[in-house]
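The values are calculated or read from the model by the stated rules, or taken from the named source; none is laboratory data. The shown structure was predicted, so the numbers you read here are calculated from the model rather than taken from an experiment. Positions of Cβ are generated from backbone atoms using ideal geometry, with glycine treated the same way; all protein chains shown enter the neighbour counts. Accessible surface is based on the protein model in full, side chains and every heavy atom, while ligands, DNA and RNA are left aside. Shrake-Rupley method; radii C 1.70, N 1.55, O 1.52, S 1.80 Å.
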Amino acid sequence: MNLKLGVNIDHVATLRQARRAPFPDPVDAAAVCLNTGADFIVVHLRKDQRHIQEKDVARVCRAFPGQIHLECSSAPAMEKAALKYKPHSVCIVPEKPGEVTTTGGLNFTPAVKRRIAQMIERLHRKKILVSLFVSPDAESIRTAAKLGADIVELCTRDYSEATRAATARKLLQNLALSALLARELGLEVHAGHGLDYHNVLAVADIGGIACMNIGFSIITRALFAGLPTAVLEMKGLL
Ligand code: PXP
């Protein structure tokens, strides 16, 4: 399978927001990434808009139709933005106030399931594909399929933070079994969170994963190597 790369450009906006300056512009970053091997551009619109702003979502969706994967929570304001700017796909993620980054997959309480089912239906009416960010466990994957998601993004955070080889192997096994189950249930499989130039190789080897969504490691590598090289190097590993 040809593994696709979604480059998350949130931290280009983080740098811009540090000075509230007009640059660096995420639209310019998206162009460079797409010209050098990225298959998709990922942007995460957070409630606090601490990096990507709503106007960035509008601009990237306009500039690169069919190539924007929007991450957001299931809050009504986020759904409204998704329906307005019509990205290619939306990944619904949990969002906790004050978190440094997304901490894990969706916690499917009955209320969360009801809310996500409504959101999926409305996004589908606008022909927007829906991904759910899930922990790599059978129950979460079965729930995502029942809710009508098109894609599951398996959370690789625990794997990427594992410090013992035996733990990493076990977590990789979970990811492999989860990818298999998701495909059996007709879901496309993505993976992401905490992936870098070293730990991505074993995940790429699992097979059955269509797309890796990677941000922090690529944007930080770009500071030293330049964005085209950072993207090309990652794409080369997939
Ligand atoms: N996938 C999801 C659902 C995320 O929330 C994030 C972080 O925004 C990523 C992938 C990318 O993670 P990282 O920046 O650690 O590569």
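What single numbered condition from (1) away from the ligand (no atom under 11 Å from the Cβ); (2) over 19 Å from Ile92 (Cα atoms); (3) in contact with a strand residue (DSSP E or B) (Cβ under 8 Å, 6 or more places away or on another chain); (4) at pLDDT 95 or above fails to hold for Leu227?
(3)
Residue-by-condition table, conditions (1) of a type in the set (Ser, Thr, Tyr); (2) more than 23 Å from Ser160 (Cα to Cα); (3) assigned to a loop (DSSP other than H, G, I, E, B); (4) more than 16 Å from the ligand (Cβ to nearest atom):
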| site | (1), (2), (3), (4) |
| --- | --- |
| Asp56 | no, yes, no, no |
| Cys61 | no, yes, no, yes |
| Ser74 | yes, yes, yes, no |
| Ala82 | no, yes, no, no |
| Pro87 | no, yes, yes, no |
| Cys91 | no, no, no, no |
| Glu95 | no, no, yes, no |
| Lys113 | no, yes, no, yes |
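On the given criteria, is Ile120 touching a Gly at 6+ places or on another chain (Cβ under 6 Å) and away from the ligand (no atom under 14 Å from the Cβ)?
So Ile120 passes the test.
Which one is surrounded by the most Cβ atoms within 10 Å (Cβ to Cβ) among residues in the stretch 142-158 that are without any contact (Cβ under 8 Å) to a residue 60 or more places away in the chain and within 16 Å of the chain's Cα centre (by Cα)?
Out of the qualifying residues, it is Val152.
Just checking, how many residues over the stretch 189-202 are more than 10 Å from the ligand (Cβ to nearest atom) and either touching an Asp or Glu at 6+ places or on another chain (Cβ under 6 Å) or more than 13 Å from Glu153 (Cα to Cα) (or both)?
Looking only at that region, the number is 5.
Kindly evaluate Val100 against the criterion of being open to solvent by 80 Å² or more (accessible area, probe 1.4 Å), out of contact with any strand residue (DSSP E or B) (no Cβ under 8 Å at 6 or more places or on another chain) and within 16 Å of the ligand (Cβ to nearest atom).
yes
Out of the stretch 6-46, which residues are open to solvent by 20 Å² or more (accessible area, probe 1.4 Å), modelled with pLDDT under 95 and within 11 Å of the ligand (Cβ to nearest atom)?
Result: no residue meets the conditions.
Picking from Val130, Val189, which residue would you name as being out of contact with any His (no Cβ under 8 Å at 6 or more places or on another chain), crowded, with 17+ Cβ neighbours inside 10 Å, touching a residue at least 12 places away in the same chain (Cβ under 8 Å) and in a strand (DSSP E or B)?
The match here is Val189.
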